[in-house]
Amino acid sequence: MWLMRILEQRADFFFWGAVSIMWSAFNFFFAYLLVNNAGSIAGWDQTEMFVLLSVFTMYDAFIWSWFYFNMRRYTENVFNGELDGFLVKPIDLQFFVSVQHNSYNNVFRLAFGVGMLITSVSKLPYSISILEWLLFVCLFILGFILIYSLWFILATCSFWIDRLNNIGDIIPSLRRLNQFPREVYSGIASFLFTGLFPIVLVTSLPAEVLTHRVSLQWVLYFTFLTFFFLFLSRIFFHFSLKRYSGAGS
Amino acid sequence: MSDLVISINHLKRHFKVYKKQPGLWGSIRSLWDRKYEVVKAVDDISFEIKQGEVVGFIGQNGAGKTTTLKVLSGLLYPNSGEVTVLGYNPWDRKATFQKQFALVMGQKNQLWWDLPPIETFLLNKAIYEIPDAQYKKTLDKLVNLLDVSDILHIQVRKLSLGQRMKCELIAALLHNPKVLFLDEPTIGLDVVMQKVLRDFIRDYNKEFGATIILTSHYMEDVKELCKRAIIIDHGHKVFDGPLQDIIDTYARNKILSVTFDKKISKVTLEKYAEVKSYQDHKATLLVPRKIATQVASSILAQLPIEDINIEEPPIEAIIREVFQSKIV
C-alpha cells in the first residue's frame, strides 16, 4: 500500500534516492581518508573497511525503509489512540504495527550498498565460498531482527510514559557505531554495544564473515541474544498492551 | 442455545489522568510535582444484549459510552468485571472473535487516505481472509445499497465526509460481522445522509440478524433504529429498557396544548398548571402526569376551548433534563 502511495509522488521518490546515495558516498569517502592517513582501522585495510561500510549501507537502507517510520508511527499510534484501528483486526498486532508505513526511498541506497559490496569483495585477495555467503545472509537477517527487537522494545515504552516521541530516535542515533569494526570499541562501550546490546555486531559480524575473521563463539552469542530480544519484545508488547488507554473520543 | 450475545457484569474502567496546573509556572512545576486524578469512565455497569437487538447507548460527552464499546471490542483492558461477546472474552482478541464483529467510529477512519477505498477493501479482504466469491458478493451488495459504485476508485482524500462514511461502513462490514459497534456513525453528516445511513443500518440488522450497539448524539438515530436504550451518566447506568419507558420513568409532566376561543389571562391559566408558553389565544401547560386528564377535563369544562391536546414531552427533552437532573 505504501509503495503505491510513494509512487504517486515520484519527484519526492527520486530526490530522496539522490540524497541518500550522497550520504552513503560521503561515508566511503571519509573511510578512505581515515584509512589513507592511518594505514588501517583496528587492523581493517581499505578494502575490508569498504566491505564493512557496504554492509552498513545496506543495513542502514533497510532500517530506514522498514523501521524508522514504523517505530515513529507506532509511538504516535499509542499516544493518539490510533492503535484502536489495529487492535480490532484479526492479524498479529506486533506484525501489523511494524509494517504499517514502509518507505522505499532508500531502494537506491540499498542498490548502491549492494554494488559497493560486490566491488569491494571482488578486490579481496581470496574468494568467498557459498557457505560463507549463506552465513553472511543469515547474520545480516539476524542483525535486522536484533535491531528491530531492540527498537520495538524501546518504542513499546510509550505505553508506560506519555509522549515519548524521541524514544524512536535512540537506535538511529547509535547507528554510527555500525560504521566501524567491533575491535575499535573497548571498555564500557565494548561491554554495552558488543556484549549487552550487541548493536555493533549487526554489521561487524557479516563483514567479518566476508573478511575471514569471524569466530563461531560470536556467531552463537549473537544468534542467542537476537532471539532472546525478539522474544522479549513480544512479551513486553503484550504485557504493555494492558496499559493502553487510547485517547479521548 | 442461548441467544445472548453480549454480557457485561460490573464492568469498571478507570483512567489515571494528569491535571496540569495553569500557566508557565504550572508547566515548570510539573517537572517535579504532578497531580493525578482517577477518572471513572465506566463504573460498575452491567447489562445483557440478545441476538438481533439494536440498542441505543445514550449519554453525554464523557459519560463512558465509547469506553464501554472499546472494552467490548477488546481495545481496552477492564479494571474489573466480566465481559463476554459472542461467548469470547474480548481481551483475548482471538481471530475467530475479531472476524465476527466490527467497530465503526464516526470520528476515526480506517480508510487509507491517499488511496482509493477499493484498496482498503482489498486489504481487509486479505486481513479477514474473506473468500473471493463472498468478497465480491458482499461488496456488490454493500456498494449498491449505499450507492457508491462511482467513487470506489477515487482517492479517499478527495471524497466528501458522507462518501467517506459510507466507505468506512463498507470496509467494516465486508466480513459480514454478527455484532456491530457503531460509535456516532452519523456525526457531521447532513440530514439526508443521516437518513441514508440509518436506513442502511436497519436493513443490515434485518438481513443479517446482526446485534448492534449504537451511540449517537442525534436522538433521531436512536428513535428510528433502537427499541431499547441504555442511558449512562458519569460511568453509571441510569436507565436500561424500551425507549418508550424513558418517558414513563422520567417524564413527570405531560404537555397540554390549548387553543382558546377568546383571550384568557395567564393568571387564570396558572390556577390550573405551570404555564410553559403563553400567547393571547394559545398556551402550553406542564401538568403532572397523574392529574393530566383531570386538569384537562376542568379546563374543558370551565374555559372557552377551541382545541386541546395532551402530549408526551419529546424524548430529547426528557433525556436532556435527566442529565441536567431536572426531570420534566
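The values are calculated or read from the model by the stated rules, or taken from the named source; none is laboratory data. Owing to the predicted nature of the structure, the values given are computational and were not obtained by experimental measurement. Using ideal geometry, Cβ is built from the backbone for each residue, glycine included, and neighbour counts are taken over all protein chains shown.
Taking region B:80-103 as the region of interest, how many residues are buried (at least 16 other Cβ atoms within 10 Å of the Cβ) and touching a residue at least 24 places away in the same chain (Cβ under 8 Å)? Result for region B:80-103: 11.
Would you call B:Val83 more than 10 Å from every other protein chain (Cβ to nearest Cβ), hydrophobic (A, V, I, L, M, F, W, C) and part of a helix (DSSP H, G or I)? In short, no. Looking across region A:183-203, the residues that are buried (at least 19 other Cβ atoms within 10 Å of the Cβ), in contact (Cβ under 8 Å) with a residue 24 or more places away in the chain and touching a Leu at 6+ places or on another chain (Cβ under 7 Å) come down to A:Pro198, A:Ile199, A:Val202, A:Thr203.
Only one of A:Leu52, A:Leu33 is more than 14 Å from every other protein chain (Cβ to nearest Cβ), exposed (fewer than 14 other Cβ atoms within 10 Å of the Cβ) and at pLDDT 85 or above; which? Show your work before the answer.
Details: A:Leu52 fails: exposed (fewer than 14 other Cβ atoms within 10 Å of the Cβ).
Result of the check over A:Leu52, A:Leu33: A:Leu33.
Counting only helices (runs of 4 or more DSSP H) that sit completely within region B:117-209, those holding 3 or more residues that are within 14 Å of chain A (Cβ to nearest Cβ) correspond to B:117-127, B:161-173.
Would it be correct to say that B:Pro314 is closer than 28 Å to B:Val222 by Cβ and either in contact with a Ser or Thr (Cβ under 6 Å, 6 or more places away or on another chain) or surrounded by 15 or more Cβ atoms within 10 Å (Cβ to Cβ) (or both)?
Details: closer than 28 Å to B:Val222 by Cβ: yes; either in contact with a Ser or Thr (Cβ under 6 Å, 6 or more places away or on another chain) or surrounded by 15 or more Cβ atoms within 10 Å (Cβ to Cβ) (or both): yes.
In short, yes.
For region B:20-52, a residue qualifies if it is part of a loop (DSSP other than H, G, I, E, B) and at pLDDT 85 or above, and the qualifying residues are B:Gln51, B:Gly52.
Looking only at residues in region B:86-103 that are part of a loop (DSSP other than H, G, I, E, B) and of a type in the set (D, E, K, R), the one that is nearest to the other protein chains (Cβ to nearest Cβ) is B:Lys99. Which residues, counting only those in region B:12-40, are surrounded by 14 or more Cβ atoms within 10 Å (Cβ to Cβ) and either touching a Leu at 6+ places or on another chain (Cβ under 9 Å) or of a type in the set (Ser, Thr, Tyr) (or both)? Scanning region B:12-40 gives B:Arg13, B:Ser30.
Taking the conditions exactly as written (more than 25 Å from A:Glu183 (Cα to Cα) and either part of a loop (DSSP other than H, G, I, E, B) or acidic (Asp, Glu) (or both)), does A:Pro125 satisfy them or not?
No, not satisfied.
Listed by first and then second residue, the pairs with beta-carbon distance under 7 Å, at least 6 apart or on different chains, first residue in region B:134-157 and closer than 15 Å to B:Asn124 by Cα, second of a type in the set (S, T, N, Q), are B:Thr138/B:Asn176.
Would you pick out the residues in region B:41-63 that are facing chain A (nearest Cβ under 10 Å) and buried (at least 18 other Cβ atoms within 10 Å of the Cβ)? Within region B:41-63, B:Ala41 is the sole residue that qualifies.
Please verify whether region B:40-47 includes one or more residues that are closer than 25 Å to B:Asp221 by Cβ and not aliphatic (A, V, I, L, M).
Initially, region B:40-47 is screened for residues closer than 25 Å to B:Asp221 by Cβ, giving B:41-42, B:45-47.
Narrowing further to those that are not aliphatic (A, V, I, L, M): B:46-47.
Checking region B:40-47: at least one residue is closer than 25 Å to B:Asp221 by Cβ and not aliphatic (A, V, I, L, M).
Hey, any hits in region B:236-252 for a residue that's over 13 Å from the mean Cα position of the chain (by Cα) and assigned to a loop (DSSP other than H, G, I, E, B)? For region B:236-252, residues over 13 Å from the mean Cα position of the chain (by Cα) and assigned to a loop (DSSP other than H, G, I, E, B): present. Number of residues in region B:179-188 that are crowded, with 22+ Cβ neighbours inside 10 Å and either touching a Leu at 6+ places or on another chain (Cβ under 7 Å) or of a type in the set (Lys, Arg) (or both) equals 5. Looking at A:Gln94, A:Gln100, A:Gln179, just one residue is within 29 Å of B:Asp183 (Cα to Cα) and either modelled with pLDDT under 85 or away from chain B (no Cβ under 14 Å) (or both), and that residue is A:Gln100.
Does region B:104-112 contain any residue that is part of a loop (DSSP other than H, G, I, E, B), loosely packed, with under 14 Cβ neighbours inside 10 Å and away from chain A (no Cβ under 12 Å)? Within region B:104-112 (the criterion being part of a loop (DSSP other than H, G, I, E, B), loosely packed, with under 14 Cβ neighbours inside 10 Å and away from chain A (no Cβ under 12 Å)), the answer is no, since none of the residues qualifies.
Based on what the data block shows, is B:Ala292 crowded, with 17+ Cβ neighbours inside 10 Å and not assigned by TED's automatic domain parsing to the domain that holds B:Val85? Walk me through how you get there before you give the answer.
Numbers: crowded, with 17+ Cβ neighbours inside 10 Å: yes; not assigned by TED's automatic domain parsing to the domain that holds B:Val85: yes.
The answer is yes for B:Ala292.
Go through the residues of region B:230-248 one by one and say whether even a single one is over 28 Å from B:Asn61 (Cα atoms) and without any contact (Cβ under 8 Å) to a residue 40 or more places away in the chain.
no
Number of residues in region A:67-81 that are without any contact (Cβ under 8 Å) to a residue 60 or more places away in the chain and either more than 14 Å from chain B (Cβ to nearest Cβ) or out of contact with any Leu (no Cβ under 8 Å at 6 or more places or on another chain) (or both) equals 3. Against the test of being aliphatic (A, V, I, L, M) and surrounded by fewer than 16 Cβ atoms within 10 Å (Cβ to Cβ), the options B:Ile264, B:Ile305 yield a single qualifying residue, B:Ile305.
Among the helices (runs of 4 or more DSSP H) confined to region A:44-102, the ones with at least 2 residues that are of a type in the set (D, E, K, R) and under 18 Å from the mean Cα position of the chain (by Cα) are located at A:69-80. Among the residues making up region B:73-99, a single one is in contact with a His (Cβ under 8 Å, 6 or more places away or on another chain) and under 25 Å from B:Met165 (Cβ atoms): B:Lys99. Given the options A:Gly43, A:Gly113, name the one that is in contact with an Asp or Glu (Cβ under 7 Å, 6 or more places away or on another chain), of a type in the set (Gly, Ala, Ser) and at pLDDT 85 or above. When all the criteria are applied, what remains is A:Gly43. May I ask you to list the residues in region B:53-80 that are assigned to a loop (DSSP other than H, G, I, E, B), more than 18 Å from B:Thr186 (Cα to Cα) and not small (Gly, Ala, Ser)? The answer is B:Glu53, B:Leu75, B:Leu76, B:Tyr77, B:Pro78, B:Asn79.
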